[in-house]
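Okay, so here's the structure we're looking at.
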Amino acid sequence: MRARLGSAAPPAQVAWWADELMGRTSARAALAASSARIGMELEEKLPQIGVPVLIVTSQESGLQSVAAVNDYAARLPDARVIVPPGDSYHVAAAEPETCVRHAAEFFRRGRRGEFK
């Protein structure tokens, strides 16, 4: 869970995430979710996404490099990539205020018709 939340997450947050949130997930649900992803190749479908997409990743994410995220974004017709500092790979859990701020601005821009 440390990699998921990043090195800046306090021990209490890591314990809550592991014990209270994720620890309460049934083994059956976790296995089903993980199994559903095996063999799922969706990269070729990225150009078919017809709505603007916001992607938020951290600078030092252990899940994917920023370059890899930018490569995925380049395959989408209309994507924006936000890269805050940090090393978590679950940015929404580690930096919820940052993600909410960027998501709110993304939605405001969409309502104003600023997307392609």
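The values are calculated or read from the model by the stated rules, or taken from the named source; none is laboratory data. The structure presented is a predicted model; accordingly, all values stated were derived computationally and were not measured. Positions of Cβ are generated from backbone atoms using ideal geometry, with glycine treated the same way; all protein chains shown enter the neighbour counts. SASA here: full protein model, heavy atoms, side chains in, ligands and nucleic acids out. Shrake-Rupley method; radii C 1.70, N 1.55, O 1.52, S 1.80 Å.
A few comments on the model shown:
- Within the range 78-100, the set of residues being over 18 Å from residue 17 (Cβ atoms) and open to solvent by less than 60 Å² (accessible area, probe 1.4 Å) comprises 78, 79, 80, 81, 82, 83, 84.
- Selected residue (only one of 1, 22, 40 is surrounded by fewer than 10 Cβ atoms within 10 Å (Cβ to Cβ) and modelled with pLDDT under 90): 40
- Per the listing 35, 58, the residue uniquely open to solvent by less than 70 Å² (accessible area, probe 1.4 Å), polar (S, T, N, Q), outside any loop (DSSP other than H, G, I, E, B) and within 27 Å of residue 1 (Cβ to Cβ) is 35.
- Looking only at the range 29-71, residues that are among the charged types (D, E, K, R) and either closer than 24 Å to residue 94 by Cβ or touching a residue at least 24 places away in the same chain (Cβ under 8 Å) (or both) come to 4 in all.
- For beta carbons closer than 8 Å, sequence separation of 6+ or different chains, a first residue in the range 1-28 that is within 16 Å of residue 96 (Cα to Cα) and a second that is assigned to a helix (DSSP H, G or I) and among the polar types (S, T, N, Q), the qualifying pairs are 5/13.
- Some residue of the range 105-114 being assigned to a helix (DSSP H, G or I), more than 13 Å from the chain's Cα centre (by Cα), free of Cβ contacts under 8 Å to residues at least 12 places away in the same chain and closer than 23 Å to residue 5 by Cα: no
- If you go through the range 4-19 and keep only what is surrounded by 10 or more Cβ atoms within 10 Å (Cβ to Cβ) and out of contact with any helix residue (DSSP H, G or I) (no Cβ under 8 Å at 6 or more places or on another chain), you end up with 7, 15, 16, 18, 19.
- Of the residues making up the range 61-77, those that are surrounded by 12 or more Cβ atoms within 10 Å (Cβ to Cβ), out of contact with any helix residue (DSSP H, G or I) (no Cβ under 8 Å at 6 or more places or on another chain) and outside any loop (DSSP other than H, G, I, E, B) are 66, 68, 69, 70, 71, 73.
- Some residue of the range 64-72 being of a type in the set (A, V, I, L, M) and in contact with a Pro (Cβ under 9 Å, 6 or more places away or on another chain): no
- Remark: residue 58 falls outside the filter, which requires a residue to be polar (S, T, N, Q) and touching a Lys or Arg at 6+ places or on another chain (Cβ under 8 Å).
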